[in-house]
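One structure is given here, and the rest of the page talks about it.
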Amino acid sequence: MVAGYRLTDTTLVSEIASARSTFGDRAAILVETVQLRRKAVAKFADPSGWLFTADALQQATAAPVAAHRARRLSGAVVHDATCSIGSELVALRDWAGYVVGSDIDPVRLAMARHNVAGVDLCRADALRPVTRDSVVVLDPARRSAGRRRFDPRDYTPALDALLAVYGDRDFVVKTAPGIDFGELGRMGFAGEIEVTSLAGSVREACLWSPGLAAQGVTRRATMLDGPEDITDAEPGDCPVAPVGRWIVDPDGAVVRAGLVRHYAARHGLWQLDPDIAYLSGDRLPDGVRGFEVLEELAFSERRLRQALSSRDVGAVEILVRGVDVDPDTLRQRLRLRGSEHVAVVIARIGSGPASRATAFICRPSR
Ligand SMILES: C[S@@+](CC[C@H](N)C(=O)[O-])C[C@H]1O[C@@H](n2cnc3c(N)ncnc32)[C@H](O)[C@@H]1O
């Protein structure tokens, strides 16, 4: 019954009243569960039977990311020691040889028991291991009291404590994508850092202990929407040269993993500047959205407005790196009135006194 409610701003009050007349005190939780299930479609293929709390849903790993991690653990004996409501367990159940889940929070564990049938679960503190010889999957909470924690020592449980406890066995830890890689080294981590993107946005940096990392790989960018991943075991030499036919803005996972040059080398591209992530080439890599260069000019707002007006441009997508320009503000200030659509790539090219902000007026490939 509640699942059929519209639950919009205008219907919510009357629908809660109607739910209360049938379900009494349970109405609020029923309504919240339906609302959370609707929100959960952004992360899960079919959350219609799942139980969530708002925080647990917010923290849950999206199904394609969990499935990717689980595939890498194919056939292994796995212990998800911060399993929460079971978003990773459900993927691990499909891929691991055997999987067990634990969490310190009894409510989340009860939800996991409902959400993921056929997986053994127990309540346990991840800092006091309850399994031996399994691969441990850890996803410490990165928020507390509503605040996001940037220092991995402030995660719950703390990352340095987890590394100390599990350092002598195979482990996988999900962390924030912005984690300081140098800090991980100082904490003694020497495995692979995998940066994963989905639908164009960087989702996480995942730490794979040395025993689970591929030979010679310390950084990997995985793009779940594309066919490829790229690692630092590949050659990373690429030239720096003036712009060619195309500009390519590599996926955020490639940039965050520090693999721009490796990506360029793989696809025969070159850098426009050694410190800027935009690449150029005469051929667009398969399946990649690129920007075909129509015109290059020294960037100033006035010059750009003139150039765009003379091309009868009305809509512009603006990409900026290395120049202090806010794309939305610039778009408004350009006040374009034409009918054409272009992209403008603005970048600082060169260093020191010779550096200049350059604008490339481009036609997007799609
Ligand atoms: C970010 S959530 C995990 C989310 C989960 N991977 C998912 O995709 O749904 C972190 C979890 O760690 C649990 N946790 C926090 N401290 C813990 C500890 N000391 N031992 C075990 N679990 C803990 C929390 O209860 C929470 O469920």
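Just to be sure before I move on: is Gln59 among the polar types (S, T, N, Q), within 16 Å of the ligand (Cβ to nearest atom) and either closer than 28 Å to Ser197 by Cα or touching a residue at least 12 places away in the same chain (Cβ under 8 Å) (or both) in the structure I sent? Working first, answer last.
Details: among the polar types (S, T, N, Q): yes; within 16 Å of the ligand (Cβ to nearest atom): yes; either closer than 28 Å to Ser197 by Cα or touching a residue at least 12 places away in the same chain (Cβ under 8 Å) (or both): yes.
The answer is yes for Gln59.
I need the full set of residues from region 1-32 which are free of Cβ contacts under 8 Å to residues at least 24 places away in the same chain and under 24 Å from Ala63 (Cβ atoms), in order please.
Listed by number, the list holds a single entry, Glu32.
Can you name the number of the only condition in (1) surrounded by 18 or more Cβ atoms within 10 Å (Cβ to Cβ); (2) without any contact (Cβ under 8 Å) to a residue 60 or more places away in the chain that Ala110 fails?
It is condition (1) that Ala110 fails.
Please specify each residue of region 109-151 satisfying the condition of being more than 13 Å from His79 (Cα to Cα), assigned to a strand (DSSP E or B) and modelled with pLDDT of 95 or more.
Of everything in region 109-151, just one residue is more than 13 Å from His79 (Cα to Cα), assigned to a strand (DSSP E or B) and modelled with pLDDT of 95 or more, namely Ala141.
Just for region 258-277: of the residues that are buried (at least 21 other Cβ atoms within 10 Å of the Cβ) and out of contact with any helix residue (DSSP H, G or I) (no Cβ under 9 Å at 6 or more places or on another chain), which one is farthest from Arg245 (Cα to Cα)?
Arg261
Please give the number of the condition His68 fails out of (1) closer than 19 Å to Ala199 by Cα; (2) over 20 Å from the mean Cα position of the chain (by Cα); (3) part of a helix (DSSP H, G or I).
(2)
What's the number of the only condition in (1) more than 14 Å from the ligand (Cβ to nearest atom); (2) of a type in the set (A, V, I, L, M); (3) under 29 Å from Met223 (Cα atoms) that Val31 fails to meet?
With (1) more than 14 Å from the ligand (Cβ to nearest atom); (2) of a type in the set (A, V, I, L, M); (3) under 29 Å from Met223 (Cα atoms) applied to Val31, the lone miss is (3).
Just a yes or no: is a residue in region 184-191 of a type in the set (Lys, Arg), assigned to a loop (DSSP other than H, G, I, E, B) and out of contact with any Lys or Arg (no Cβ under 6 Å at 6 or more places or on another chain)? Show your work before the answer.
Taking region 184-191 first, the residues of a type in the set (Lys, Arg) are 186.
Adding the requirement that they be assigned to a loop (DSSP other than H, G, I, E, B) leaves none.
No, the conditions are met nowhere in region 184-191.
Sort out which residues of region 278-303 are at pLDDT 95 or above, out of contact with any helix residue (DSSP H, G or I) (no Cβ under 7 Å at 6 or more places or on another chain) and among the acidic types (Asp, Glu), and write them in order of number.
Asp282, Glu292, Glu296
Among Arg148, Arg123, which is the only one that is more than 10 Å from the ligand (Cβ to nearest atom) and either out of contact with any helix residue (DSSP H, G or I) (no Cβ under 8 Å at 6 or more places or on another chain) or without any contact (Cβ under 8 Å) to a residue 40 or more places away in the chain (or both)? Steps first, please.
Values: Arg123 fails: more than 10 Å from the ligand (Cβ to nearest atom).
That would be Arg148, the only listed residue that is more than 10 Å from the ligand (Cβ to nearest atom) and either out of contact with any helix residue (DSSP H, G or I) (no Cβ under 8 Å at 6 or more places or on another chain) or without any contact (Cβ under 8 Å) to a residue 40 or more places away in the chain (or both).
Give me the residue from region 173-183 that is in a loop (DSSP other than H, G, I, E, B) and in contact with a Pro (Cβ under 9 Å, 6 or more places away or on another chain) and, out of that set, surrounded by the most Cβ atoms within 10 Å (Cβ to Cβ).
We begin by selecting, within region 173-183, every residue in a loop (DSSP other than H, G, I, E, B); these are 176-180.
Add one more test, that the residue is in contact with a Pro (Cβ under 9 Å, 6 or more places away or on another chain), and what stays is 176, 179-180.
Values: Ala176: 16, Ile179: 22, Asp180: 13.
Checking each candidate, the answer is Ile179.
If you scan region 152-162, which residues turn out to be in contact (Cβ under 8 Å) with a residue 12 or more places away in the chain, surrounded by fewer than 20 Cβ atoms within 10 Å (Cβ to Cβ) and either assigned to a helix (DSSP H, G or I) or under 16 Å from the mean Cα position of the chain (by Cα) (or both)? Spell out the reasoning first.
Restricting attention to region 152-162, the residues satisfying the condition of being in contact (Cβ under 8 Å) with a residue 12 or more places away in the chain are 152, 155-162.
Now drop any that are not surrounded by fewer than 20 Cβ atoms within 10 Å (Cβ to Cβ), which leaves 156-158, 160-161.
Scanning region 152-162 gives Asp160, Ala161.
Can you tell me which residue is surrounded by the most Cβ atoms within 10 Å (Cβ to Cβ) among those in region 1-43 that are touching a helix residue (DSSP H, G or I) at 6+ places or on another chain (Cβ under 8 Å), modelled with pLDDT under 90 and in a loop (DSSP other than H, G, I, E, B)?
Tyr5
The values are calculated or read from the model by the stated rules, or taken from the named source; none is laboratory data. Computed from a predicted structure; not experimentally measured. Don't worry about glycine lacking a Cβ; one is built from the backbone with ideal geometry, like all the others, and counts go over all protein chains shown.
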